[in-house]
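The values are calculated or read from the model by the stated rules, or taken from the named source; none is laboratory data. Since this is a predicted model, take the numbers as computed values, not measurements. Glycine gets a Cβ as well: all are built from the backbone with ideal geometry, and neighbour counts include every protein chain shown.
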Amino acid sequence: MRIDKYLWCIRLFKTRSIATDACKKGHVKLESTNCKPSKEVYGNELISVRKNQINYKIKVIDVPSSRVGAKLVDLYRKDITPKEEFEKTELLKYSKDYYRKKGAGRPTKKDRRDIDDYYDTTAPTES
């Protein structure tokens with residue numbers, strides 16, 4: 001089975017065209033080498049997929065004949081993604097935690113004062 005079809009069948013991607021695009025962009029690796037969407041997948045192979053800033057590691061157990069239900073996915077793949085990958089996303093979430101959303105409009109009075117205070121303290125004074 002093609003790797004893009006396999007990733008769609010085990011419900012890693014919502015559509016097959018999204019899986020194909022991920023393969024073309026180099027986000028999918030088979031046995032740590034980039035692969036085209038038409039690459040064949042067999043049992044006991046290791047697939048690495050970069051999706052949503054997480055590097056998923058999937059071991060192919062078996063190849064399904066068609067797309068399977070969510071409850072049956074574990075019959076065809078084994079997820080061996082390390083827990084550290086998921087913890088990285090939590091850290092990213094906290095590092096981007098602003099009190100205002102990006103692009104939420106013009107700075108407020110408080111923001112403006114903070115910006116002015118920053119520039120006043122960093123500018124060299126001439127004597």
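In table form, for the structure just shown:
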item: Candidates Lys83, Lys29, Lys93, Lys88, filtered to the one that is modelled with pLDDT of 90 or more and charged (D, E, K, R); result: Lys29
item: Test: Asp117 is in a helix (DSSP H, G or I) and of a type in the set (Asp, Glu); result: yes
item: Residues (touching a Pro at 6+ places or on another chain (Cβ under 8 Å) and farther than 25 Å from Lys83 by Cα) located in region 5-54; result: Thr20, Lys24
item: Qualifying residue in region 76-85 (condition: at negative phi and touching a helix residue (DSSP H, G or I) at 6+ places or on another chain (Cβ under 8 Å)); result: yes
item: Which numbered condition Ile47 fails, given (1) loosely packed, with under 14 Cβ neighbours inside 10 Å; (2) within 28 Å of Leu92 (Cβ to Cβ); result: (1)
item: Residue satisfying all of: in region 14-33; under 16 Å from Ile54 (Cβ atoms) and in contact (Cβ under 8 Å) with a residue 24 or more places away in the chain; surrounded by the fewest Cβ atoms within 10 Å (Cβ to Cβ) among these; result: His27
item: So Ile61, is it modelled with pLDDT of 90 or more and either among the acidic types (Asp, Glu) or within 15 Å of Met1 (Cα to Cα) (or both); result: yes
